[in-house]
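Everything on this sheet refers to the single structure shown next.
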Amino acid sequence: MPSDVMSPGVMCWVPEPPRTLSLRKEHAVFERISGSLLDPESLYARNIETFHSPELRGLNMVMGFTGFADAGHVVRQINAELLDELGAEVVAMFDADQLIDYRSRRPHISFVEDHLQDYQAPKLGLYKLNDGLGQPFLLLAGFEPDLQWERFSRAVVGIVEELDVNLVTWIHSIPMPVPHTRPVGVTVHGNMPDLIEGISSWKPTVDVPAAIGHILELRLTEAERNVAGYVIHVPHYLSEAEYPPAAVAGLEYLGAATSLMLPTDRLREAGREVGRQIAEQIEASEEVQAVVTNLETRYDEKSEGIVRRSLLADENDELPNAEDIGAAVEAYLARKDSAQ
């Protein structure tokens, strides 16, 4: 605390010296006082038989949280495909009552004539799955917590350390001014250069609204755990609808990073049907045709040559600034909030 130093007839204000603790020292101090904080382990319940199985040690982990952006419903599709197709076994379940704001994100329930049924309680769990070749991996999937982000992050980092997870990968998606007729783009970030260099099609410096995945990536990096995040680029004119090709791309990137064979057949088939519907709608509107053609032209121009430039660059080859990108993402989130 600042102190007052008295001299004859004069009161001097002597401020504290600025904090100079290193990140590691700050964490050491944090660890010493952690006993006064809410126990992060009380956020989740373990499946005792599964959690302590030696088979879980040293696996890769995939994370997908619904509720933030999720353009094209990419995360929702990926979570559903993995949980439905790969025989998920519960390892731990998080307490939704501690993490979600029900009034801002109300769960659905069915009213059938004269009674209620099918309450869709929010779920956030850690699962063990096996890929197409029988290789086990972990999946942390469900709603993005509304509350207690730091406590939740400490809980997840604690699980990663206890299970000695080899690599944590996570996925989310954003709307981008790109055409659906070109390959789905991605931006990769994290502390794994081998998974980043040469892959990202957009490498900006911008301020965007944070998600729990961002916080987890920061905390995992501080804990010196391997982590990589994948941002899938969804054509902005398709971001409100379910867009399977973007989910397929997300699964392919996750599979390549973790050396897992992840299922994509059902999503590919759904993508072909969505493609036919999109083609019909474009054919029926000259205005939409013009928009797509313009996006294709810009994409192709920016993709030419050895150096791949950002697909967001304008006609002067300049990137939009942080305010432009932040405003676009916030506008998309506002539309999603108003639709809920």
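The values are calculated or read from the model by the stated rules, or taken from the named source; none is laboratory data. Here the structure is a predicted model, which means the values were calculated and not measured. As a convention, Cβ positions derive from the backbone with ideal geometry for all residues, glycine included, and neighbour counts pool all protein chains shown.
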Quick test for you: out of GLY72, GLY67, pick the one residue that is of a type outside the set (S, T, N, Q) and modelled with pLDDT of 95 or more. GLY72
Flag for VAL188 being under 22 Å from GLY255 (Cβ atoms), under 14 Å from the mean Cα position of the chain (by Cα) and hydrophobic (A, V, I, L, M, F, W, C): yes
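Per-residue answers, yes or no, for (1) in contact with a helix residue (DSSP H, G or I) (Cβ under 6 Å, 6 or more places away or on another chain); (2) among the polar types (S, T, N, Q); (3) crowded, with 21+ Cβ neighbours inside 10 Å:
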| position | (1), (2), (3) |
| --- | --- |
| GLU162 | no, no, no |
| VAL165 | no, no, yes |
| TRP170 | yes, no, yes |
| SER173 | yes, yes, yes |
| VAL184 | yes, no, yes |
| HIS189 | no, no, no |
| ASP194 | no, no, no |
| GLY198 | no, no, no |
Quick one: which residue in ALA141, ALA45 is surrounded by 17 or more Cβ atoms within 10 Å (Cβ to Cβ) and either of a type in the set (Gly, Ala, Ser) or part of a helix (DSSP H, G or I) (or both)? ALA141
Looking at the structure I just gave you, is GLY255 under 18 Å from HIS236 (Cα atoms) and modelled with pLDDT of 95 or more? no
Across segment 252-272, what is the number of residues that are out of contact with any helix residue (DSSP H, G or I) (no Cβ under 6 Å at 6 or more places or on another chain), in a helix (DSSP H, G or I) and closer than 19 Å to LEU195 by Cβ? 6
Condition check: of a type in the set (Lys, Arg), under 20 Å from GLU217 (Cβ atoms) and in a helix (DSSP H, G or I). Does ARG154 satisfy that? yes
Can you say whether GLU217 is among the acidic types (Asp, Glu), surrounded by fewer than 18 Cβ atoms within 10 Å (Cβ to Cβ) and either over 20 Å from ARG76 (Cα atoms) or in contact (Cβ under 8 Å) with a residue 40 or more places away in the chain (or both), as far as the supplied structure shows? no
Which residues, counting only those in segment 271-306, are of a type in the set (Asp, Glu) and exposed (fewer than 15 other Cβ atoms within 10 Å of the Cβ)? GLU273, GLU280, GLU283, GLU286, GLU287, ASP300, GLU301, GLU304
Could you tell me whether segment 50-58 includes any residue that is touching a residue at least 24 places away in the same chain (Cβ under 8 Å), exposed (fewer than 15 other Cβ atoms within 10 Å of the Cβ) and over 21 Å from TRP170 (Cα atoms)? yes
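I need the full set of residues from segment 226-265 which are more than 30 Å from VAL291 (Cβ to Cβ) and surrounded by fewer than 20 Cβ atoms within 10 Å (Cβ to Cβ), in order please.
Answer for segment 226-265, where residues must be more than 30 Å from VAL291 (Cβ to Cβ) and surrounded by fewer than 20 Cβ atoms within 10 Å (Cβ to Cβ): ASN226, GLY255, ALA256, SER259, MET261, PRO263, ASP265.
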Considering (1) surrounded by 19 or more Cβ atoms within 10 Å (Cβ to Cβ); (2) closer than 25 Å to ILE159 by Cα; (3) out of contact with any Gly (no Cβ under 6 Å at 6 or more places or on another chain); (4) in contact (Cβ under 8 Å) with a residue 60 or more places away in the chain, say which one ILE78 fails and leave the rest. (3)
Would you be able to say whether some residue in segment 75-82 is among the charged types (D, E, K, R), touching an Asp or Glu at 6+ places or on another chain (Cβ under 7 Å), closer than 30 Å to HIS180 by Cα and part of a helix (DSSP H, G or I)? yes
Is segment 109-128 home to any residue that is of a type in the set (Asp, Glu), assigned to a strand (DSSP E or B) and either at negative phi or surrounded by 13 or more Cβ atoms within 10 Å (Cβ to Cβ) (or both)? no
